[in-house]
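Below is one structure, written out as structure tokens, with a few remarks after it.
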């Protein structure tokens, strides 16, 4: 019983990390029809930057800020320099995101040499906590809390604020949004930047949990894609359901069938696609 | 032009050493790989980000056949081709429920699922270490194709056969239906085509030849590892197609040649091949969307339209 509680909590924590990564991808895909395959690379870059900041300053909070800013910056640059020039050419945008992902991956190798590293959680959260009869790392609870906070905030912003209405309008119907006077280019820039900002945030949050190593970017990318496909493009709640499902599957899978565990992650995608090609909670 | 190229491919290796011939063989193998992908990208209009799956399945099945089941090159090849078709039948049924960007994402995820299998199921696949097996073909009247040159000519023969087959295929009514689907699937459906079936067959055909490339590569190198199944491999194949020019077949082969040679040269000088690959991607997408064949075509048009003026005579066009 204890084993299952730990596995479930681990799965939820992992799911929350996936959520942070996937929601940016999903929103950008839904609004701009850009499948940003560099999202994994953004995560990795921010992870390593966070690591360096911790090495220099010992401060986890500073690393978190640095990683988040790294994510934001790289996203803004990518959108402005590349995506904007390829507006409307979704095929080209996907391909160029692959090129950018490859470049970032190699730059990371050049700077940090390919050593797997990790960040230690801040002292405040380094302990384990007693929960339902098991000892569980407080840091992972922190990840779960952060993920929930982001999810709730996003839902509130999307549903209750003017900014949210603007974003939703831009997702639903670009032409009308433009006609209503909404500066679509700015909305695009901010949305893309927000997505990559979350990737950067996730990068530092996830480092104590997943470690940081070359190849992690490509390992996480398909999982994000599965979350988006399963959850429904552009759907926040779909992303939550999808990432939790995947997070739990990953942990149970590793525990029960380690040889096939990565493979079993894709089974729900296959099943969902067979039954509902639009995903669990399609926006339309 | 094709005759000249064939002549070149036949004669030049006679003057080259083992290693350059090895690279040239690799060029031909990846040309097959890229051309098979061009069917999907250039002709059907569906960009698959998981083509490495078939390359890898072909390679692994062939090596496992040779290594664990003691099969010859020929029977391993048949076994591997069957495995590839089986995977394509399953993957195609799943992936073709979508199109466009979801199709890209799902094909990527499916291939990655196989990578995970190869990576973790060490007892069958050798995990990260891969599997090694000497599996050169035994050709009647010729013997065992051990040397670089001998295997090169074998692959060249296969390459020519594949080019012929694919060229016929894309010009056939069935092949033309693919272009129809690419241009407007709705229109094709209204005219009465069962488009899903056409797409499915295109997908399986593309997979078949992709797997063939994987088998040939496993035989060339005597080795297979999860690297054959990576996103990098799929992405490289896509670059070969778009660099050369999608929808031309020749473009894909050309793109393969450029990338394989470039990779060989760059890798001998530096470790930064991924960086070069990334830059090539960005440059190709931003500045050469029609690929090298597209550039070539535009160059020819300019020459054609300029000639009459230079010759001082009105053009017949």
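The values are calculated or read from the model by the stated rules, or taken from the named source; none is laboratory data. All figures in this text were calculated on a predicted structure; none of them were measured in a lab. Ideal geometry is used to build each Cβ from the backbone, glycine not excepted, and the neighbour counts take in all protein chains shown.
Side notes on the structure shown:
- Of the set (1) crowded, with 17+ Cβ neighbours inside 10 Å; (2) over 17 Å from residue B:208 (Cα atoms); (3) within 14 Å of chain A (Cβ to nearest Cβ), all apply to residue B:133 but (3).
- Among the candidates A:210, A:244, A:223, A:197, residue that is buried (at least 24 other Cβ atoms within 10 Å of the Cβ) and away from chain B (no Cβ under 14 Å): A:197
- Region B:75-94 - residue that is in contact with a helix residue (DSSP H, G or I) (Cβ under 8 Å, 6 or more places away or on another chain) and either in a loop (DSSP other than H, G, I, E, B) or within 14 Å of another protein chain (Cβ to nearest Cβ) (or both) and, of those, nearest to residue A:232 (Cα to Cα): B:94
- Residue that is surrounded by the fewest Cβ atoms within 10 Å (Cβ to Cβ), among those in region B:14-31 that are within 25 Å of residue B:241 (Cα to Cα) and over 16 Å from the mean Cα position of the chain (by Cα): B:20
- Residue that is more than 16 Å from the chain's Cα centre (by Cα) and closer than 24 Å to residue A:65 by Cβ, where the choices are A:163, A:148: A:163
- Here residue A:186 fits the description: out of contact with any helix residue (DSSP H, G or I) (no Cβ under 9 Å at 6 or more places or on another chain) and either part of a helix (DSSP H, G or I) or modelled with pLDDT of 85 or more (or both).
- If you go through region B:284-294 and keep only what is in a helix (DSSP H, G or I) and within 21 Å of the chain's Cα centre (by Cα), you end up with B:284, B:285, B:291, B:292, B:293, B:294.
- Restricted to helices (runs of 4 or more DSSP H) entirely inside region B:140-251, those with at least 1 residues that are closer than 17 Å to residue B:46 by Cβ and under 18 Å from the mean Cα position of the chain (by Cα) are B:148-171, B:173-183, B:195-221, B:231-244.
- A single entry from A:9, A:27 fulfils the requirement of being closer than 21 Å to residue A:187 by Cβ, touching a helix residue (DSSP H, G or I) at 6+ places or on another chain (Cβ under 8 Å) and modelled with pLDDT under 95: A:27.
- For region B:45-74, a residue qualifies if it is over 21 Å from residue B:111 (Cα atoms) and either out of contact with any helix residue (DSSP H, G or I) (no Cβ under 7 Å at 6 or more places or on another chain) or part of a loop (DSSP other than H, G, I, E, B) (or both), and the qualifying residues are B:67, B:68, B:69, B:70, B:71, B:72, B:74.
- Output for region A:90-99, where each listed residue is within 7 Å of another protein chain (Cβ to nearest Cβ), in contact (Cβ under 8 Å) with a residue 24 or more places away in the chain and crowded, with 20+ Cβ neighbours inside 10 Å: A:94, A:98
- Restricting attention to region A:103-141, the residues that are part of a helix (DSSP H, G or I) and within 16 Å of residue A:6 (Cβ to Cβ) add up to 4.
- Of residues in region B:95-130 being touching a residue at least 24 places away in the same chain (Cβ under 8 Å) and assigned to a loop (DSSP other than H, G, I, E, B), the one farthest from the other protein chains (Cβ to nearest Cβ): B:130
- Scan of region A:247-261 for residues that are within 12 Å of another protein chain (Cβ to nearest Cβ) and within 18 Å of the chain's Cα centre (by Cα), ordered by number: A:250
- With respect to the conditions (1) surrounded by fewer than 22 Cβ atoms within 10 Å (Cβ to Cβ); (2) more than 16 Å from residue B:205 (Cα to Cα), residue B:155 lacks only one, and its number is (1).
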